[in-house]
Each structure stands twice: as C-alpha cells, then as structure tokens.
Amino acid sequence: MEQLNQNVLTDYIFNLKKSMYAGILEDLKLVYDDNNECPEIYLEIIKIKKKYRNQGYGSAVLQQIVQLADEHNVQIVLYATNIFGIDLKVLYKFYRKNGFVLIKNNKEGKFIYRPKKSGSGCNNIEE
C-alpha cells in the first residue's frame with residue numbers, strides 16, 4: 001500500500017471527481033496533516049451538485065474517504081458549518097450516520113472519525 005501523503009490525497013480526489021463521481025461531485029478538498037502525534041485527514045469541503053443531493057451520493061463519497069482513512073489508519077477531522085445553506089441539524093445527523101463523533105464542548109462543530117483499526121494512541125480526544 002502506498003504511503004499516505006498530500007500527493008496521494010490529490011490523486012484520490014481527482015479519481016473521485018473525474019471517474020467515480022464525474023458530474024456529481026462538485027467539490028472535494030482533503031488535506032493531509034502529519035505534523036502532530038496523530039496523522040489526520042482534514043475534510044475541508046465535500047459538495048455534491050445540487051440536482052444530485054439527497055440521493056445518497058454524499059454518503060457514498062464520505063464512505064470512500066472513511067475507507068481510505070481505515071486503510072491508512074488515520075483519523076478524519078472536519079468542522080460542520082452551514083455556510084452553504086444546509087441546516088446544521090441535518091449536517092450533524094449526516095456525519096453521525098457516517099461514523100463521525102461530535103467533540104463535546106466544541107462550539108465550532110468539530111467532528112472526528114477514528115479508523116476502525118486504530119490503536120495508535122490517538123483516541124485520547126474527549127468526545
């Protein structure tokens with residue numbers, strides 16, 4: 001398996017946007033961060049084209065990213081926001097349904113997904 005880094009993520013995004021979800025996935029930004037003790041993928045944006053929303057494509061794309069995180073044993077971090085007009089309650093439900101945990105006492109809507117085979121000592125974040 002190829003070592004995860006930003007170049008691998010860039011190629012992965014390209015594949016999702018141009019092959020698997022061509023014409024459906026409007027935008028996807030993932031940033032790899034290995035500058036702390038727990039390497040992570042930061043999910044900056046996932047945006048499905050309007051006519052394809054509420055058809056399961058967002059979950060499908062997110063599950064692809066979750067699978068990648070599981071394969072490389074890295075967590076995913078994101079901040080749920082309504083800057084694109086989506087109700088926060090809907091977003092929170094969406095991320096929880098896809099295995100993300102909302103960090104308690106965090107007013108910024110911080111969610112974390114921990115890889116299934118985690119054991120790297122990165123599970124010390126308060127939920």
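Which one of these does Tyr42 not meet: (1) under 11 Å from the mean Cα position of the chain (by Cα); (2) farther than 17 Å from Gln6 by Cα; (3) among the hydroxyl-bearing types (Ser, Thr, Tyr)?
Against the list (1) under 11 Å from the mean Cα position of the chain (by Cα); (2) farther than 17 Å from Gln6 by Cα; (3) among the hydroxyl-bearing types (Ser, Thr, Tyr), Tyr42 comes up short only on (2).
Taking the residues in region 8-35 that are outside any helix (DSSP H, G or I) and farther than 20 Å from Asn73 by Cα as candidates, determine which candidate is nearest to the chain's Cα centre (by Cα).
Checked region 8-35; the qualifying residue nearest to the chain's Cα centre (by Cα) is Leu28.
If you check Lys51 against the conditions, is it surrounded by 13 or more Cβ atoms within 10 Å (Cβ to Cβ), of a type in the set (Lys, Arg) and either assigned to a helix (DSSP H, G or I) or at pLDDT below 95 (or both)?
Against the criterion (surrounded by 13 or more Cβ atoms within 10 Å (Cβ to Cβ), of a type in the set (Lys, Arg) and either assigned to a helix (DSSP H, G or I) or at pLDDT below 95 (or both)), Lys51 does not qualify.
Restricting to region 63-93, and then to whatever is assigned to a loop (DSSP other than H, G, I, E, B) and over 14 Å from the mean Cα position of the chain (by Cα), can you tell me which residue is nearest to Phe14 (Cα to Cα)? Break it down into steps so the answer makes sense when it comes.
Let us first name the residues in region 63-93 that are assigned to a loop (DSSP other than H, G, I, E, B), namely 73-74, 80-87.
Still in the running and over 14 Å from the mean Cα position of the chain (by Cα): 82-87.
Values: Asn82: 25, Ile83: 24, Phe84: 22, Gly85: 26, Ile86: 25, Asp87: 28 Å.
Filtering first and then ranking leaves Phe84.
Say we look at region 75-105 and pick out the residues that are modelled with pLDDT under 80 and loosely packed, with under 12 Cβ neighbours inside 10 Å; which of these is farthest from Gly58 (Cα to Cα)?
Filtering region 75-105 for residues that are modelled with pLDDT under 80 and loosely packed, with under 12 Cβ neighbours inside 10 Å, the one farthest from Gly58 (Cα to Cα) comes out as Asn105.
For region 107-123, name all the residues that are surrounded by 14 or more Cβ atoms within 10 Å (Cβ to Cβ), under 21 Å from Glu37 (Cβ atoms) and modelled with pLDDT under 90. Spell out how you get there, then give the answer.
Just the residues of region 107-123 that are surrounded by 14 or more Cβ atoms within 10 Å (Cβ to Cβ), to begin with: 109-115, 118, 120, 122.
Those still in the list that are under 21 Å from Glu37 (Cβ atoms) too: 110-115, 118, 120, 122.
Matches in region 107-123: Ser118, Ser120, Cys122.
Please go through (1) within 22 Å of Ile13 (Cα to Cα); (2) in a helix (DSSP H, G or I) for Arg96 and return the number of the only condition it doesn't satisfy.
All conditions pass for Arg96, except number (1).
Quick check on Ala60: is it in a helix (DSSP H, G or I), among the small types (Gly, Ala, Ser), within 16 Å of the chain's Cα centre (by Cα) and within 20 Å of Ile103 (Cβ to Cβ)?
no
The values are calculated or read from the model by the stated rules, or taken from the named source; none is laboratory data. Computed from a predicted model, the values in this text were never measured in an experiment. So basically every Cβ, Gly included, is an ideal-geometry build from the backbone, and we count neighbours across all protein chains shown.
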